[in-house]
1. Please find, among 190, 219, 215, the residue that is crowded, with 17+ Cβ neighbours inside 10 Å, closer than 18 Å to residue 3 by Cβ and either free of Cβ contacts under 8 Å to residues at least 60 places away in the same chain or out of contact with any strand residue (DSSP E or B) (no Cβ under 9 Å at 6 or more places or on another chain) (or both).
2. Among 123, 161, 151, which is the only one that is within 30 Å of residue 30 (Cα to Cα), surrounded by fewer than 20 Cβ atoms within 10 Å (Cβ to Cβ) and free of Cβ contacts under 8 Å to residues at least 24 places away in the same chain?
3. Somewhere in the stretch 102-116, is a residue small (Gly, Ala, Ser), more than 18 Å from residue 173 (Cα to Cα) and either modelled with pLDDT of 95 or more or buried (at least 22 other Cβ atoms within 10 Å of the Cβ) (or both)?
4. Scan the strands (runs of 3 or more DSSP E) fully inside the stretch 82-175 and keep the ones with 1 or more residues being among the charged types (D, E, K, R).
5. Yes or no: the stretch 242-257 includes at least one residue that is surrounded by 11 or more Cβ atoms within 10 Å (Cβ to Cβ) and part of a loop (DSSP other than H, G, I, E, B).
6. Go through (1) crowded, with 23+ Cβ neighbours inside 10 Å; (2) more than 21 Å from residue 176 (Cα to Cα) and name the single condition residue 41 misses.
Amino acid sequence: MNIVVLMKQTFDTEAIIALDGKGEIIDTGIKKIMNPYDEYAVEEAVRIKEAQGAEITVVSLGSDTAVDALRQALAMGCDKAVLLNDAAFQAGDEYSSAKAVAAAIQQLEYDLILAGWVSIDDGSGQTAVRVGEILNIPQVTMVTKLFLANGTATGEREIEGAVMTVEVPLPALITVQKGINEPRYPSMKGIMAAKKKEIKKVSAADLGFAADAVGKAAGKSVVKARFVSPKRNSCKLIQAATSAEAAGQLVNLLHEEAKVI
């Protein structure tokens, strides 16, 4: 079995994000990590490899810094890595990024594509499913359990008050959700082995694209502005001997301070 895992490098969840005068994110000195949801996808691919054998190729679109996240995936047990690394790919939206990633996957052999259901930076949850649509393969999203047998993939996904089970033929794209597994820490052996594994860098020209056919130039959406969310006001604790007294204090605060009643 050939498995492709889509991986994105994102800002650390604890990083403090700041913007410059043009509304662009200042990423100098900010720690970057593998998108946590993609980490579940990597782990699931490695577990499939351990259970029934597979070759895993992890694919990412990003700058040179994404090599660190790819090395982590290789250390966890992936076999190969492909990095779409070209200035032409940068600043694209979900459409243009998916277009490039799908083209890269079409150069590979694949039976199963795994990805996190969303990235923690933009939170759109679109890129992976767009890749599946471009490749014209079935997909199941936000899976918390995955079973492979007889040329099919069966995914369980949580819906309101129940669990939905979806079976699709392979090849298929599956996006995974928190709870499907617990990602491992790379072992020292895995870290050392990852240094010897190939990370193939791919340009727009390698995929047959002109510079204006991918990235920002080919995007279907435009970011008008970025802003940092305002700090929340501190909460005020009401202390009272009785519920009636507490209610009275609350009404007074809403009227006198919050000015909402």
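1. Of 190, 219, 215, the one residue that is crowded, with 17+ Cβ neighbours inside 10 Å, closer than 18 Å to residue 3 by Cβ and either free of Cβ contacts under 8 Å to residues at least 60 places away in the same chain or out of contact with any strand residue (DSSP E or B) (no Cβ under 9 Å at 6 or more places or on another chain) (or both) is 190.
2. Criteria check complete, one pass: 123.
3. So the first thing to find is which residues in the stretch 102-116 are small (Gly, Ala, Ser), and the list is 102-104, 115-116.
Of the ones still in play, those that are also more than 18 Å from residue 173 (Cα to Cα) are none.
Within the stretch 102-116, not a single residue is small (Gly, Ala, Ser), more than 18 Å from residue 173 (Cα to Cα) and either modelled with pLDDT of 95 or more or buried (at least 22 other Cβ atoms within 10 Å of the Cβ) (or both).
4. The qualifying strands (runs of 3 or more DSSP E) are 139-149, 152-159, 162-169.
5. no
6. Every condition holds for residue 41 apart from (2).
The values are calculated or read from the model by the stated rules, or taken from the named source; none is laboratory data. The structure presented is a predicted model; accordingly, all values stated were derived computationally and were not measured. Here Cβ is always computed from backbone atoms with ideal geometry, including for glycine, and neighbour counts include all displayed protein chains.
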